[in-house]
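For reference, the structure discussed in these notes is given below.
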Amino acid sequence: MADQLSPDEKYNLITRNLQEVLGEEKLKQVLQERELKVYWGTATTGKPHVAYFVPMSKIADFLKAGCEVTILFADLHAYLDNMKAPWELLELRVKYYEQVIKAMLESIGVPLDRLKFVKGTDYQLSREYTLDVYRLSSMVTEHDAKKAGAEVVKQVEHPLLSGLLYPGLQALDEEYLKVDAQFGGVDQRKIFTLAEKYLPSLGYAKRAHLMNPMVPGLTGTKMSSSEEESKIDLLDSKEDVKKKLKKAFCEPGNIQNNGVLSFVKHVLFPLRGEFCIKRDPKWGGDKIYTVFEDVEKDFAEELIHPGDLKASVEVALNQLLQPIRKKFELPELRKLTSLAYPDPSKTSDRMQILDIRVGKIVSVEKHPDADSLYLEKIDMRGIESQAMLLCASVEGDPRRVEPLDPPEGSSPGERVFVEGYETGKPDERLNPKKKVWEKLQVDLNISDECVAQWKDKQLMTKLGQITCKTLKGGNIS
């Protein structure tokens, strides 16, 4: 097909459904001379979910346009991003990502022999790459590095140096993978502009950047591996798909932040060129759409019922997922899944080992040498420990700090646990060399409902949830 397309036709295919393109003229110039070389990278952290079909459908477009496509499994990036992937699991996560992404591509008919798969640590630990990291580090300011990773790297109250390195490494990947363009979500725009700014300072060419829109999850926000209710896992059963779609945000006539409608636009139409709304004959029967804008228009005018839209997407989605489910029924892939993503309750990275208790503030005194308060005494009813008060705070505003509130009726000394981790026994003493608190603390935060949580699970006592008064989205430290 690519041999029959003109450079302009290739450009239109490469850029369709993208939210933004940086370096359009460079792309057009390359396409006049030869095929475009492009890469897409994914940090091997949480399990890929159905939103990954969005970049997969664009990769299908790139191949139809004759592009040379490289897929990067960014294992080192996964570790640098606040250790979202522990070092000991990096290799297993890469193997899982490779198997599941290849299964996705096969399910949508993409020929794997036309793709190049690369693991980050295969070249990112080389002498040349390491020296370039140092060279780049001598040029990039802390401000620019933090700003570049703001929407990609996990933001915590006390950022690790590794998170500041992340954007620079992603910029260098463009040179070491020898590509003309990098493809990613629009949330990576600041990393892309950092690459455009600094790569020429190292004597390397400025690349073009292709950006997909961020597709809303089932809850109407960004679909995320860490938010169970916002996503459908690639290995979810038909029953799970039905249950999650049933709960999905899909308000009648509302086309904004509609994850179900967005999936039709960014996955089903590019792959199939049409979409069938299945409905009871008394409501008009099935209707086939060949243009997405017609689907959107009919939904906005409430000519398509949310229940019919969800049911129709359910059928199409299960057709995509079934080959993936079947492949992962193989014993070796089932074993790989359990090793790459072990049950948290059976690993050392669990909240049960922390001994968190309800305490009562007995007295507060003004600090004699500073314009602040300090706690003179905390009553924990006979619990002997070096007490540390957990507080909610807002990054960048040291004045906004609130102690966490236990449920009404709680008593000093009562155990605080994470929902689902009620039965674990805390360690008598934490090994400071293992930095257990530091590793667990990065996933402690305040929800939009002012509830304290760890990895989206509530902090609780036997009487109910731990809360704070006003600091929605705050950190806990």
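The values are calculated or read from the model by the stated rules, or taken from the named source; none is laboratory data. Just so it is clear, the model here is predicted, and its values are computed rather than measured. Heads up, the Cβs are rebuilt from the backbone with ideal geometry, glycines too, and the neighbour counts pull from every protein chain shown. When the accessible area is computed, the model is the full protein with side chains, heavy atoms only, and any ligands, DNA or RNA have been set aside. Shrake-Rupley method; radii C 1.70, N 1.55, O 1.52, S 1.80 Å.
In contact with a strand residue (DSSP E or B) (Cβ under 7 Å, 6 or more places away or on another chain), within 12 Å of V50 (Cβ to Cβ) and at pLDDT 90 or above - does that describe any residue in segment 272-290?
no
Could you identify the single residue in L72, L76 that is touching a residue at least 12 places away in the same chain (Cβ under 8 Å), within 27 Å of D443 (Cα to Cα) and assigned to a helix (DSSP H, G or I)? Talk me through it step by step, then tell me what you get.
Working: L72 fails: assigned to a helix (DSSP H, G or I).
After applying the criteria, what remains is L76.
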Only unsatisfied item for L440, checking (1) open to solvent by 30 Å² or more (accessible area, probe 1.4 Å); (2) in a helix (DSSP H, G or I), is (1)
All but one of (1) in contact (Cβ under 8 Å) with a residue 24 or more places away in the chain; (2) farther than 21 Å from K247 by Cα hold for G273, so report the exception by its number.
(1)
Within segment 305-336, the count of residues that are open to solvent by 30 Å² or more (accessible area, probe 1.4 Å) and part of a loop (DSSP other than H, G, I, E, B) comes to 3
Test set (1) open to solvent by 10 Å² or more (accessible area, probe 1.4 Å); (2) at pLDDT 90 or above; (3) over 26 Å from A60 (Cα atoms) - L235 fails condition number
(3)
Being free of Cβ contacts under 8 Å to residues at least 60 places away in the same chain and closer than 19 Å to T45 by Cα is the requirement here; does L164 meet it?
yes
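Matching residues to (1) in contact with a helix residue (DSSP H, G or I) (Cβ under 6 Å, 6 or more places away or on another chain); (2) within 16 Å of L105 (Cα to Cα):
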| position | (1), (2) |
| --- | --- |
| L303 | no, no |
| P306 | no, no |
| A311 | no, no |
| A316 | yes, yes |
| L321 | no, yes |
| I324 | yes, yes |
| K327 | yes, yes |
| S338 | no, no |
| Y341 | no, no |
Scan of segment 201-218 for residues that are open to solvent by less than 40 Å² (accessible area, probe 1.4 Å) and of a type in the set (S, T, N, Q), ordered by number
N212
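Would you say I324 is over 16 Å from P270 (Cβ atoms) and modelled with pLDDT of 95 or more?
Details: over 16 Å from P270 (Cβ atoms): yes; modelled with pLDDT of 95 or more: yes.
The answer is yes for I324.
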Being more than 20 Å from E301 (Cβ to Cβ) and open to solvent by 40 Å² or more (accessible area, probe 1.4 Å) is the filter here; which residues of segment 256-272 pass it?
L271, R272
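Can you tell me which of K58, K116, K26, K37 is basic (K, R) and surrounded by 19 or more Cβ atoms within 10 Å (Cβ to Cβ)?
Answer to the selection: K58.
This table checks each residue for (1) within 19 Å of the chain's Cα centre (by Cα); (2) under 22 Å from T121 (Cβ atoms); (3) of a type outside the set (D, E, K, R).
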| residue | (1), (2), (3) |
| --- | --- |
| K28 | no, no, no |
| L36 | no, no, yes |
| T44 | yes, yes, yes |
| H49 | yes, no, yes |
| F62 | no, no, yes |
| V69 | no, yes, yes |
| A74 | yes, yes, yes |
| A78 | yes, yes, yes |
State which residue is surrounded by the fewest Cβ atoms within 10 Å (Cβ to Cβ) when the search covers only segment 156-200 and only residues that are modelled with pLDDT of 95 or more and in a loop (DSSP other than H, G, I, E, B).
K178
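Just the residues that are closer than 26 Å to T337 by Cα, open to solvent by 40 Å² or more (accessible area, probe 1.4 Å) and in contact (Cβ under 8 Å) with a residue 60 or more places away in the chain, please, taken from segment 238-255. Steps first, please.
First, the residues of segment 238-255 that are closer than 26 Å to T337 by Cα: 238-245.
Now narrow it down to the ones that are open to solvent by 40 Å² or more (accessible area, probe 1.4 Å): 238-240, 242-243.
Those that are closer than 26 Å to T337 by Cα, open to solvent by 40 Å² or more (accessible area, probe 1.4 Å) and in contact (Cβ under 8 Å) with a residue 60 or more places away in the chain: K238, K242.
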Within the bounds of segment 63-76, is there any residue that is open to solvent by 60 Å² or more (accessible area, probe 1.4 Å) and of a type outside the set (A, V, I, L, M)?
yes
Can you tell which of A85, A150 is part of a loop (DSSP other than H, G, I, E, B), small (G, A, S) and surrounded by 15 or more Cβ atoms within 10 Å (Cβ to Cβ)?
A85
